[in-house]
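**Student:** Can you read through this structure? Questions will come right after.
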Protein chains: 2
Amino acid sequence: MTIATALAAALPEGTVLTDPDLLAGYRRDEADLVPAGTPVAVVRPRSTAEVATAVRVAAGHGVPVVPQGARTGLAGAANAVEGCVVIAMTGMDRILAIDPVNRTAVVQPGVVNAVLAKAVAAEGLRYPPDPGSWESCTIGGNVATNAGGMCCVKYGVTTEYVLGLEVVLATGEVLRTGRRTAKGVAGYDLTRLFVGSEGTLGIITEVTVALRPPAEAALTAVAVFPTTAAAGAAVAAIAGEGLSPSLLELLDATHLAAIEAYRPMGLRTDARALLLAAADTGTRAADDLAAIAALCERSGADEVFAATDVTEAAALLEARRLAHPAMEKLALESFPGGNGGLIIDDVAVPRARLAELLDGVDRIAAEHGVAIGVVGHAGDGNMHPNIVVDRADPASLERGRRAFDAIMRLGLDLGGTCTGEHGVGLLKREWLAREVGPVGMRVQHAIKQALDPANLLNPGKIL
Amino acid sequence: MTIATALAAALPEGTVLTDPDLLAGYRRDEADLVPAGTPVAVVRPRSTAEVATAVRVAAGHGVPVVPQGARTGLAGAANAVEGCVVIAMTGMDRILAIDPVNRTAVVQPGVVNAVLAKAVAAEGLRYPPDPGSWESCTIGGNVATNAGGMCCVKYGVTTEYVLGLEVVLATGEVLRTGRRTAKGVAGYDLTRLFVGSEGTLGIITEVTVALRPPAEAALTAVAVFPTTAAAGAAVAAIAGEGLSPSLLELLDATHLAAIEAYRPMGLRTDARALLLAAADTGTRAADDLAAIAALCERSGADEVFAATDVTEAAALLEARRLAHPAMEKLALESFPGGNGGLIIDDVAVPRARLAELLDGVDRIAAEHGVAIGVVGHAGDGNMHPNIVVDRADPASLERGRRAFDAIMRLGLDLGGTCTGEHGVGLLKREWLAREVGPVGMRVQHAIKQALDPANLLNPGKIL
């Protein structure tokens with residue numbers, strides 16, 4: 001019996017897809033320039049039991065299993081392995097509970113981030129993690145990749161909000177980790193081990209998240225800089241003064257031009273860099289924002305202006321959110337035949353080294369003869385250098401790849417990490433090994449071996 | 001060659017203790033009613049290399065290794081195993097770096113919590129975790145047990161502040177985990193796996209912690225309740241209203257009497273329960289504290305009064321900090337011959353179930369004919385029921401043990417955990433197994449096996 005037949009026999013009708021036209025739609029996430037295979041079957045489970053059944057059947061046939069959420073990832077972690085079974089979790093999309101007193105929510109992994117954020121807001125609560133793809137990405141994917149976002153500079157990343165998980169293991173057993181209490185130290189922290197494990201240790205079937213009281217209205221300001229390094233210096237100065245902006249984002253000239261071309265909104269396209277800052281400290285917000293503005297000016301900003309009202313503040317945030325699609329359009333149009341594309345990178349360095357990172361990226365772009373736009377979460381030292389390449393031109397791709405490697409090397413040399421929030425997936429396996437070293441890799445492999453000895457779950461990702 | 005001789009030969013003079021009188025001082029932490037063995041040798045390393053050497057020598061002789069910090073733990077995790085090598089980390093007590101811009105500190109594990117807190121305060125920063133033993137416990141011990149404290153209700157526990165670790169593995173290899181950046185998702189979260197692992201997976205030799213800007217001055221209030229359940233209801237109401245007190249502690253009548261007897265300070269000893277609350281929300285603190293006070297009154301408080309000045313607020317905090325020594329003195333004097341003692345428990349339940357937990361503990365005390373005082377971090381649903389026993393009377397000890405088990409069972413029945421912050425150690429192994437179940441225990445054992453196949457490191461703890 002083929003794996004597809006076995007799955008169809010073991011699962012409810014309509015759960016298993018085998019039509020080649022449909023399978024083709026489950027090959028990859030949004031990562032560019034990494035390989036993707038084609039699954040032999042796609043399982044769309046409606047329950048934990050169906051996930052466990054699919055894993056057991058696949059294990060019985062020795063066929064690898066690749067879990068997928070909304071496939072908005074940027075490192076290829078959700079890419080199909082040739083001949084694998086894809087388990088598409090988007091159908092398990094129910095919010096099971098929201099508890100205002102304990103400030104927790106229990107959700108299935110297919111719940112979209114924005115759907116959860118709105119549902120808890122309706123209860124007067126907040127789920128802070130807000131990755132760029134928040135309107136389409138799922139909580140399960142957020143947990144599997146430990147997703148970040150713009151609020152992390154003050155409110156932290158996904159792992160800070162995960163209290164407990166239900167996970168289907170490689171054996172098909174169902175594991176419950178963590179707790180629903182505010183505190184707990186009962187045994188090893190299995191919850192945080194699964195967070196960020198990119199589907200290589202188990203398949204997340206339920207998530208218990210911690211919620212927070214709603215943030216207060218934020219005041220927003222924009223600072224325009226003559227150099228990216230000056231913007232980086234401003235970020236270090238803001239942190240050094242003990243200020244905690246609720247948002248501190250950087251857009252470089254390339255992104256400003258791309259956004260203005262994508263949707264004209266009167267951005268200062270003559271600027272070399274723009275810092276977008278917000279403060280949500282209630283009655284102190286105006287003072288904090290003024291202090292941030294003063295530090296930007298002291299660091300060399302040409303101009304700093306505060307949003308006069310929520311509409312203007314929202315427009316500035318919208319501009320930031322448009323950076324990714326706008327840059328993709330710019331890349332597309334940079335080369336003939338619609339072959340222009342982006343290598344989207346993700347690197348984080350200690351805040352104090354941000355200016356060096358930004359200068360270094362400029363130098364790398366010049367050295368390798370490629371256009372690189374930089375955007376990102378400046379307050380975290382987490383930047384996304386986006387390298388423009390011509391997919392139809394091997395030489396352009398090679399220059400782009402060399403620039404990518406040079407940026408990774410620079411990030412590590414500055415005491416940083418090869419990925420601040422996008423994860424390792426297929427894109428950064430080599431760089432993970434360089435970052436954590438042989439002892440670290442041995443331990444990572446030992447843990448994978450302990451939980452998935454047959455290497456059944458998302459093989460070839462991370463490790 | 002004996003293990004002691006081999007260690008002495010491999011390590012600098014004065015590093016290895018073998019004098020029986022000295023060894024006796026390294027047998028146990030502060031946990032009561034759990035067994036402790038006697039080490040054959042105590043190693044007092046000054047460097048990571050010396051820790052690695054000691055582990056290699058012990059491994060070569062097949063002798064177990066038990067790491068110890070200040071031995072202020074309350075679950076026996078630091079207790080010597082008979083014939084083991086104790087590695088006492090208190091001599092590695094240097095603060096290696098404090099970085100105000102990146103808001104990180106790098107410390108050796110023997111640094112005392114209060115010493116780090118004061119050192120970063122001098123730089124205008126804050127290290128929030130504040131376990132009850134903060135003036136004597138070490139950061140290494142805090143990380144190994146994922147220690148909590150009074151600030152956790154708003155600022156979280158130790159693991160939220162650990163960015164990276166240096167760890168000596170069972171092989172003697174040195175592993176570096178994590179990062180010094182604000183964000184990072186490179187591979188499995190080994191850092192959080194070691195946090196709370198109680199020395200069973202590796203020996204922590206360096207810790208990189210995240211720091212925060214200083215908290216603002218807190219305003220403090222006290223609410224006096226006619227029943228502990230009413231105090232529990234107030235806690236649920238405060239959380240349900242979206243308030244975030246920076247402190248929310250409960251003292252029951254037994255502790256109030258014990259503290260007043262230990263150091264008279266005019267506490268309302270006629271109260272059944274006292275809630276100590278603080279707000280550090282700057283210009284909003286007075287409003288927030290007033291809202292907390294109103295919710296306490298609505299929940300049945302007889303009296304609520306705010307501290308009129310910092311001195312009075314400090315006195316109230318001091319009273320809370322005296323709860324543990326005062327209760328120990330009360331226990332000591334409760335039975336003739338200085339044989340009175342405490343079984344100190346630690347249980348956490350969802351906030352909404354706190355009132356049920358408190359009622360249940362009263363019922364358990366009556367049913368088993370033992371005195372139980374309750375104190376703890378009410379805002380986290382994390383309580384410490386302290387059971388008074390006569391160590392010289394097996395029947396009294398048996399009643400105490402039965403009451404302890406009944407409290408554990410109640411905590412789990414209420415959806416809670418068997419340990420909110422003290423850890424598993426030797427005291428709660430049976431309850432860990434009940435809480436996480438067979439699949440969870442299998443995974444925990446698989447991870448221990450992967451990192452310490454010979455069961456060399458702190459054997460018999462947690463698992």
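The values are calculated or read from the model by the stated rules, or taken from the named source; none is laboratory data. All of these numbers come straight from a predicted model, not from anything done at the bench. Glycine also receives a Cβ, built like all others from the backbone with ideal geometry; neighbour counts cover every protein chain displayed. With ligands, DNA and RNA removed, areas are computed over all heavy atoms of the protein, side chains included. Shrake-Rupley method; radii C 1.70, N 1.55, O 1.52, S 1.80 Å.
**Student:** Looking at (1) at the interface with chain A (Cβ under 10 Å from one of its Cβ atoms); (2) more than 24 Å from the chain's Cα centre (by Cα); (3) among the hydrophobic types (A, V, I, L, M, F, W, C); (4) open to solvent by 10 Å² or more (accessible area, probe 1.4 Å), which is the one condition that is false for B:ALA170?
**Tutor:** Going through the list (1) at the interface with chain A (Cβ under 10 Å from one of its Cβ atoms); (2) more than 24 Å from the chain's Cα centre (by Cα); (3) among the hydrophobic types (A, V, I, L, M, F, W, C); (4) open to solvent by 10 Å² or more (accessible area, probe 1.4 Å), B:ALA170 breaks only (1).
**Student:** Filter the range A:435-456 down to residues that are touching a residue at least 24 places away in the same chain (Cβ under 8 Å) and touching a helix residue (DSSP H, G or I) at 6+ places or on another chain (Cβ under 8 Å) and give me whichever is surrounded by the most Cβ atoms within 10 Å (Cβ to Cβ). Explain how you work it out, then say what you get.
**Tutor:** Just the residues of the range A:435-456 that are touching a residue at least 24 places away in the same chain (Cβ under 8 Å), to begin with: A:447-448, A:451-456.
Those still in the list that are touching a helix residue (DSSP H, G or I) at 6+ places or on another chain (Cβ under 8 Å) too: A:447, A:451, A:454-456.
Values: A:ILE447: 22, A:LEU451: 24, A:ALA454: 12, A:ASN455: 14, A:LEU456: 20.
Among those residues, the one meeting the criterion is A:LEU451.
**Student:** Considering the range A:93-105 alone, what residues qualify as being assigned to a loop (DSSP other than H, G, I, E, B) and surrounded by fewer than 23 Cβ atoms within 10 Å (Cβ to Cβ)? Spell out the reasoning first.
**Tutor:** Start the filter on the range A:93-105 by keeping residues that are assigned to a loop (DSSP other than H, G, I, E, B), which leaves A:93-94, A:100-103.
Within the range A:93-105, A:ASP93, A:ARG94, A:PRO100, A:VAL101 meet the criteria.
**Student:** Scan the range B:275-290 and tell me whether some residue there is among the hydroxyl-bearing types (Ser, Thr, Tyr), part of a loop (DSSP other than H, G, I, E, B) and over 22 Å from B:CYS152 (Cβ atoms).
**Tutor:** Of the range B:275-290, the ones among the hydroxyl-bearing types (Ser, Thr, Tyr) are B:281, B:283.
Adding the requirement that they be part of a loop (DSSP other than H, G, I, E, B) leaves B:281.
Checking the rest, the ones that are also over 22 Å from B:CYS152 (Cβ atoms) come to none.
Taking every residue of the range B:275-290 in turn, none turns out to be among the hydroxyl-bearing types (Ser, Thr, Tyr), part of a loop (DSSP other than H, G, I, E, B) and over 22 Å from B:CYS152 (Cβ atoms).
**Student:** Looking for something more than 29 Å from A:LYS428 (Cα to Cα) and either in contact with an Asp or Glu (Cβ under 8 Å, 6 or more places away or on another chain) or among the β-branched types (Val, Ile, Thr) (or both) - is there at least one such residue anywhere in the range A:18-41?
**Tutor:** Quick first cut of the range A:18-41, residues more than 29 Å from A:LYS428 (Cα to Cα) only: A:18-21.
In the following step, the residues that additionally are either in contact with an Asp or Glu (Cβ under 8 Å, 6 or more places away or on another chain) or among the β-branched types (Val, Ile, Thr) (or both) were identified as A:18.
Yes: one or more hits.
**Student:** Mind checking which residues of the range A:223-266 are in contact with a strand residue (DSSP E or B) (Cβ under 7 Å, 6 or more places away or on another chain), of a type outside the set (S, T, N, Q) and outside any helix (DSSP H, G or I)?
**Tutor:** A:ALA223, A:VAL224, A:PHE225, A:PRO245, A:LEU247, A:LEU248, A:GLU249, A:LEU250, A:LEU251, A:ASP252 - these are the residues of the range A:223-266 that are in contact with a strand residue (DSSP E or B) (Cβ under 7 Å, 6 or more places away or on another chain), of a type outside the set (S, T, N, Q) and outside any helix (DSSP H, G or I).
**Student:** Same structure again: Is the range A:78-92 home to any residue that is touching a residue at least 24 places away in the same chain (Cβ under 8 Å), acidic (Asp, Glu), under 16 Å from A:PRO459 (Cα atoms) and surrounded by fewer than 24 Cβ atoms within 10 Å (Cβ to Cβ)? Before you say what the answer is, go through the steps one by one.
**Tutor:** First, the residues of the range A:78-92 that are touching a residue at least 24 places away in the same chain (Cβ under 8 Å): A:78-92.
Within this subset, residues satisfying the condition of being acidic (Asp, Glu) are A:82.
Filter again for under 16 Å from A:PRO459 (Cα atoms), leaving A:82.
Subset that is surrounded by fewer than 24 Cβ atoms within 10 Å (Cβ to Cβ): A:82.
Yes, some residue in the range A:78-92 is touching a residue at least 24 places away in the same chain (Cβ under 8 Å), acidic (Asp, Glu), under 16 Å from A:PRO459 (Cα atoms) and surrounded by fewer than 24 Cβ atoms within 10 Å (Cβ to Cβ).
**Student:** Separate question: If we only count helices (runs of 4 or more DSSP H) wholly inside the range B:317-426, which ones have 3 or more residues that are farther than 27 Å from B:THR200 by Cα, open to solvent by less than 20 Å² (accessible area, probe 1.4 Å) and modelled with pLDDT under 95?
**Tutor:** Working: elements: B:323-333, B:354-368, B:394-413.
Those helices (runs of 4 or more DSSP H) do not exist here; none qualify.
**Student:** Here are some conditions: (1) within 12 Å of chain B (Cβ to nearest Cβ); (2) at pLDDT 95 or above; (3) touching a Pro at 6+ places or on another chain (Cβ under 7 Å). A:PRO129 meets all but one. Which one does it not meet?
**Tutor:** (3)
**Student:** Please go through the range B:211-233 and give me each residue that is open to solvent by less than 20 Å² (accessible area, probe 1.4 Å) and within 12 Å of chain A (Cβ to nearest Cβ), ordered by number.
**Tutor:** The answer is B:LEU211, B:GLY232.
**Student:** Considering every residue within the range A:155-172, establish whether at least one is among the hydroxyl-bearing types (Ser, Thr, Tyr) and more than 30 Å from A:ARG320 (Cα to Cα). Please lay out each step first, then the result.
**Tutor:** So in the range A:155-172, the residues among the hydroxyl-bearing types (Ser, Thr, Tyr) come out as A:155, A:158-159, A:161, A:171.
Keeping just the survivors that are more than 30 Å from A:ARG320 (Cα to Cα) gives A:171.
There is at least one residue in the range A:155-172 that is among the hydroxyl-bearing types (Ser, Thr, Tyr) and more than 30 Å from A:ARG320 (Cα to Cα).
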